[in-house]
Amino acid sequence: MSRAKGLSSRQRALPAAAIAASVVLYGMVKILVSAIMFSATSIAQSGVLQGFQMFSAMVSPLQLWVLLPLGLGIIACLWFFAPVTAELRLSMAIVRSLLAVASGVIVVFLAQIVLGMQGWFANAQFFGNSSNQAVDSFFADGGNVLPIALNTAVGAGLDALPVVLLAVVLTWIWLVKHPVKHSAIAVAAEV
């Protein structure tokens, strides 16, 4: 963390935000292209109504429960824990991209658990003599949600890994070729 110590919050946030934005943008474009291709196929086979239903099912708000937590985990890791700086070696920049993907996977996993357990929160009865029912349904719903959340999180991480790796390496190359210039006022203020 000592290499990033002299950087301002803005200098640390801009590369992290650019990398996370590229991952979210890639995910949205991928979903949109696959939805267009899939619905175009269903329009030719089943008609316009069926094609529109397929398109709206594939481009659903539930996809944001994967893309936004992934981007949030990546930006949090690259901004707060492992910022990409010009002083790093390429191998360390690659390790930081792997850490960013791992943190994104963890955030997606937690978001999918929250999303999957919403039925338990809505139907559990916590008061009266039904506390055993709430506990039993918690473990039943949790047992169903954990494999789905793990599968979704790992799939999102594997899908985003090449994009994050490429974005981190390109950001590192940019930072090496365009070093940060510290002004004399900023150096004097650190005394």
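Structure notes:
- Selection of segment 78-93 for residues being under 16 Å from Ser22 (Cβ atoms) and assigned to a helix (DSSP H, G or I) yields Leu78, Trp79, Ala93.
- Per the conditions (1) under 22 Å from the mean Cα position of the chain (by Cα); (2) exposed (fewer than 12 other Cβ atoms within 10 Å of the Cβ), the sole criterion not satisfied by Gln45 is (1).
- Hey, Ser42 within 29 Å of Val163 (Cβ to Cβ), at pLDDT 85 or above, in a helix (DSSP H, G or I) and among the polar types (S, T, N, Q) or not: no
- Near pairs, Cβ below 9 angstrom, 6+ apart or cross-chain, from segment 143-158 (closer than 18 Å to Ala100 by Cα) to any residue that is modelled with pLDDT under 90 and assigned to a helix (DSSP H, G or I): Thr152/Trp65; Thr152/Val66; Ala153/Val66; Gly155/Val66; Ala156/Gly27; Ala156/Val66; Ala156/Leu67
The values are calculated or read from the model by the stated rules, or taken from the named source; none is laboratory data. Quick caveat, the model's predicted, so the values are computed rather than measured. Don't worry about glycine lacking a Cβ; one is built from the backbone with ideal geometry, like all the others, and counts go over all protein chains shown.
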